[in-house]
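Data first, discussion second: the structure below is written as structure tokens.
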Amino acid sequence: MPLMREMPLVQTPASQRWLRQQWWLLASAALVLAYVFQRTELDLWLEGRFYDAGRAVFPLRQHWLFEAVLHKGAKWLTYLAVAAAMGVCWLGWRGRLPWLPRRNVLLAAAGMVVIPLSVTLLKLMTGRHCPWDMAQFGGSLPYMRLLDPLPADVKPGQCFPAGHAATGFLWVVWGIALRPAGRRWAWVGLAGGLLLGGTLGAARMAQGAHFLSHTLATLWVAWAVSLLLAWALGADVRLASAAPRQSQEDCPRHRRPPPERDSQLSRDGLDRL
């Protein structure tokens, strides 16, 4: 693509090694999650902490803080925040943010869109149900572990991965996009996404909408999409401390001109008179 050729591609052994490490971590995390949630009843036990068996309800399902603020309100705030972040990306695209390379601009902008879309697509494909659909929590369906096949007589659901948590976890893409700005800003982007996604995911768990495995799967998808986009777009994943910087002496605009020999000789001659 002509547009991509105009942007310098930065690929160093260190950045490629970092990407490989992240892929290994993702693969290991997938195996651990599959084992834990298939071999144990952690999902069922944890969700039971939020369920009132005596009244057969999730008491926080319609609570104003969880429904009006953390569910509906957070969704609209995310739309506004993503729009503002797209404005930042536009400034970076125009070269006004030296700490945000153009390829990282594309990474951040694409990640904020592709991550929630990927989660939505997976929700349609997996057919898993919400906790409040299960017989243990006032519903009519049998409890199914993470990898259990859906019974033939059960209509597919749309609860896995957790969609609402994706509105928070979509920000983890900035944990990669901001690496050229320095370790601190990269951690701010990553920690912000983890905090928002974890908070929104926990809120929906308290309402009976999702199991813990649903929320962790959304985090896994968000980081996988971020890494895939970084690799596909050739984003600069070097930390600022590892990226070479031009000093003022090395920059042509600040380089001091060499002394003029003829002028120096003329001044020496005048001094001898």
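The values are calculated or read from the model by the stated rules, or taken from the named source; none is laboratory data. The structure presented is a predicted model; accordingly, all values stated were derived computationally and were not measured. Positions of Cβ are generated from backbone atoms using ideal geometry, with glycine treated the same way; all protein chains shown enter the neighbour counts.
Taking the residues in region 1-23 that are out of contact with any Pro (no Cβ under 9 Å at 6 or more places or on another chain), assigned to a loop (DSSP other than H, G, I, E, B) and surrounded by 10 or more Cβ atoms within 10 Å (Cβ to Cβ) as candidates, determine which candidate is modelled with the lowest pLDDT. Don't jump to the end; show me each part of the working.
Filtering region 1-23 for residues out of contact with any Pro (no Cβ under 9 Å at 6 or more places or on another chain) gives 1-6, 9, 11-23.
If we keep only those that are assigned to a loop (DSSP other than H, G, I, E, B) as well, we get 1, 6, 9, 11-12.
Checking the rest, the ones that are also surrounded by 10 or more Cβ atoms within 10 Å (Cβ to Cβ) come to 9, 11-12.
Details: 9: 58, 11: 65, 12: 74.
Looking at residues that are out of contact with any Pro (no Cβ under 9 Å at 6 or more places or on another chain), assigned to a loop (DSSP other than H, G, I, E, B) and surrounded by 10 or more Cβ atoms within 10 Å (Cβ to Cβ), I get 9.
Show the residue pairs meeting these rules: Cβ distance below 6 Å; 6+ apart or different chains; first residue within region 35-59 and over 14 Å from residue 136 (Cβ atoms); second residue charged (D, E, K, R) and loosely packed, with under 14 Cβ neighbours inside 10 Å. As it stands, the answer is 59/52, since those pairs meet every condition given.
Among the residues that make up region 203-226, is at least one of them free of Cβ contacts under 8 Å to residues at least 60 places away in the same chain and closer than 17 Å to residue 105 by Cα?
Our first condition is that a residue be free of Cβ contacts under 8 Å to residues at least 60 places away in the same chain; within region 203-226, this holds for 215, 219.
Next, only the ones that are closer than 17 Å to residue 105 by Cα stay: none.
No, the conditions are met nowhere in region 203-226.
For region 56-66, a residue qualifies if it is more than 14 Å from residue 210 (Cα to Cα) and either surrounded by 14 or more Cβ atoms within 10 Å (Cβ to Cβ) or acidic (Asp, Glu) (or both), and the qualifying residues are 57, 59, 63.
Could you pull out the residue among 87, 92 that is surrounded by 12 or more Cβ atoms within 10 Å (Cβ to Cβ) and of a type outside the set (S, T, N, Q)? Spell out how you get there, then give the answer.
Numbers: 87 fails: surrounded by 12 or more Cβ atoms within 10 Å (Cβ to Cβ).
That would be 92, the only listed residue that is surrounded by 12 or more Cβ atoms within 10 Å (Cβ to Cβ) and of a type outside the set (S, T, N, Q).
Under the condition of being crowded, with 24+ Cβ neighbours inside 10 Å and outside any helix (DSSP H, G or I), the residues counted in region 183-208 number 0.
Condition first: on the phi > 0 side of the Ramachandran plot and in contact (Cβ under 8 Å) with a residue 40 or more places away in the chain. Now tell me which residues in region 102-145 satisfy that.
Step one: of region 102-145, the residues on the phi > 0 side of the Ramachandran plot are 127, 138.
Of everything in region 102-145, just one residue is on the phi > 0 side of the Ramachandran plot and in contact (Cβ under 8 Å) with a residue 40 or more places away in the chain, namely 138.
Just one residue in the set 124, 147 is surrounded by fewer than 19 Cβ atoms within 10 Å (Cβ to Cβ) and either within 24 Å of the chain's Cα centre (by Cα) or assigned to a helix (DSSP H, G or I) (or both); that residue is 124. Being of a type in the set (A, V, I, L, M) and buried (at least 18 other Cβ atoms within 10 Å of the Cβ) is a property that residue 100 has.
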